[in-house]
2 protein chains.
Amino acid sequence: MLSHMTITRSTSHRQAESTSQPTPAAAFSLGSAIEMMGATVPYRRDSEIYGENEPAEYLYKVISGAVRTYKILTDGRRQIGSFCLPGDIFGLEVDDIHTFSAEAITNCKILVIKRSALVSLAGRDIAVARRLWTLPGNELQRAQEHILLLIKTAQERVVGFLIEMSARSADATEVELPMSRQDIADYLGLTIETVSRTLTRLENVGAIAIPTSRRVVLRSRGALNRLNA
Amino acid sequence: MLSHMTITRSTSHRQAESTSQPTPAAAFSLGSAIEMMGATVPYRRDSEIYGENEPAEYLYKVISGAVRTYKILTDGRRQIGSFCLPGDIFGLEVDDIHTFSAEAITNCKILVIKRSALVSLAGRDIAVARRLWTLPGNELQRAQEHILLLIKTAQERVVGFLIEMSARSADATEVELPMSRQDIADYLGLTIETVSRTLTRLENVGAIAIPTSRRVVLRSRGALNRLNA
DNA sequence: CGACCATTTGATATGGATCAAGCGATGTGG
DNA sequence: CCACATCGCTTGATCCATATCAAATGGTCG
């Protein structure tokens, strides 16, 4: 059976919705043993999942909703490291201390898995071990892509962001943006105004449509790729 | 004894100095089994060690000299991903294809290890496996630091770069820069002129001294940390 | 000594930041 | 159910940091 952890005691989850109702049913989706080892915990919009410098006792997987990981610099600037969408795993750290903070962007459900349980399972199950193995490498690739984004012009960054989001979206031509303009700006190293202006410019040249501010239709992939330099 | 590979046949090493003379003596330094599995190969300044998109058959460790890994964007811009100094391991890839190119910055000696040999050794030696394990995670941390650099002002980037280099240097107050201003600029996402100007400004305010263009003395760590925001 | 290449320095242009105001959707209290 | 406050987003005007263009300097090697 499921080995239930008393995760609500952890300081890492102090902001979880008080009406927390784990949904073990979801634990059997996706066909991996990983889903069976944790509890699904709801977090409400803008609540902290964990903080920078806290010990990294758990691993997290987005079941529904969206999460941002970020750092606050000494002067108050915020850098978003990644957006996590359903299926994404986050919270894995090299040295057992979180190097970023994580917050729920929307109300969401997160599968929370104890690291130690996963490590011991990996010792028994080579498939789990292999999958765990690939996580830092995948993160590294994303970080490297992020670096490449950050040396580009504002327009290229925004276009790159849209392409990245569309690649992660079910419908490749229509992108749902769970995050605010400020979140996008802090991910791309731009200001909210520049992000907004760039999006409207892309709309004006017919590359995209913006039916609502949180929804973008990619109208011309060719134009976008051209603008992506 | 050492199992010598016929590495000079590999396309990855086509630019190695023709007067290649492996130095197996170095193979016994640092007290790790890893040193015993490869051959030390000399590369001359600006020669390619491997190219982007080539299969990643080997792992590399800098014995002496310095290496840059980089990508060329479609419009010709170059982004340097990392500088590798003696002791650094590079060339590890998630999916067995190099995502960056690597070039010798100076004439240098590189220990070249066959991946497959290392993997099989890791299967037998848990210490080697553990060490291999940590590499992607360490790379990830460096990439994340790099991201944080790239969202800062020019002065903060240059200061951050100097602090990073001094942390990797034997003498914490004096930094040898094996790379050109252009290399630094391409690492920091700035132009060569901005890097140069920023360095002279730092010298003018007394934070550093620049006895020669490739040597920087950190005169006031406090001032640098302050400028690092 | 002279050519070459890296670096520095100078003058100007510009992309994105900043400061400021307007707009539209959402929700709340009267 | 509507008036109003709030919040997120967009738009406008101006400023500034860094890029760009250009030239001078300096160090290295033949």
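The values are calculated or read from the model by the stated rules, or taken from the named source; none is laboratory data. As the structure is a prediction and not an experimental result, all values here were calculated from the model. All Cβ positions, glycine included, derive from the backbone under ideal geometry; neighbour counts span all protein chains shown.
All conditions in (1) away from every other protein chain (no Cβ under 14 Å); (2) in a loop (DSSP other than H, G, I, E, B); (3) more than 17 Å from the chain's Cα centre (by Cα) hold for A:Thr74, with the sole exception of (1). Of all residues in region B:78-104, those satisfying the criterion of being touching a residue at least 24 places away in the same chain (Cβ under 8 Å), over 9 Å from the mean Cα position of the chain (by Cα) and assigned to a loop (DSSP other than H, G, I, E, B) are B:Gly87, B:Gly91, B:Leu92, B:Glu93, B:Val94, B:Asp96, B:His98, B:Thr99, B:Phe100. Residues in region B:116-160 that are of a type in the set (A, V, I, L, M, F, W, C) and touching a Gly at 6+ places or on another chain (Cβ under 6 Å) were compared, and the one that is farthest from the other protein chains (Cβ to nearest Cβ) is B:Leu149. Of the helices (runs of 4 or more DSSP H) entirely within region B:108-174, those holding at least 2 residues that are away from DNA strand D (no atom under 16 Å from the Cβ), of a type in the set (A, V, I, L, M) and under 15 Å from the mean Cα position of the chain (by Cα) occupy B:126-150, B:154-167.
Listed conditions (1) at pLDDT 95 or above; (2) surrounded by fewer than 16 Cβ atoms within 10 Å (Cβ to Cβ); (3) acidic (Asp, Glu) are all met by B:Glu103, apart from (2).
Here's a check for you: in region A:175-229, which residue that is basic (Lys, Arg) and outside any helix (DSSP H, G or I) is farthest from DNA strand D (Cβ to nearest atom)?
Taking the candidates together, the pick is A:Arg219.
In this structure, does B:Leu148 turn out to be over 25 Å from B:Thr40 (Cβ atoms) and either at pLDDT 95 or above or crowded, with 19+ Cβ neighbours inside 10 Å (or both)? Yes.
This table checks each residue for (1) without any contact (Cβ under 8 Å) to a residue 24 or more places away in the chain; (2) within 12 Å of DNA strand C (Cβ to nearest atom); (3) buried (at least 19 other Cβ atoms within 10 Å of the Cβ).
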residue: A:Arg142; (1), (2), (3): no, no, no
residue: A:Phe161; (1), (2), (3): no, no, yes
residue: A:Glu164; (1), (2), (3): yes, no, no
residue: A:Leu177; (1), (2), (3): no, no, yes
residue: A:Arg181; (1), (2), (3): no, yes, no
residue: A:Leu188; (1), (2), (3): no, yes, yes
residue: A:Thr191; (1), (2), (3): yes, yes, no
residue: A:Thr198; (1), (2), (3): no, yes, yes
residue: A:Ala209; (1), (2), (3): yes, no, no
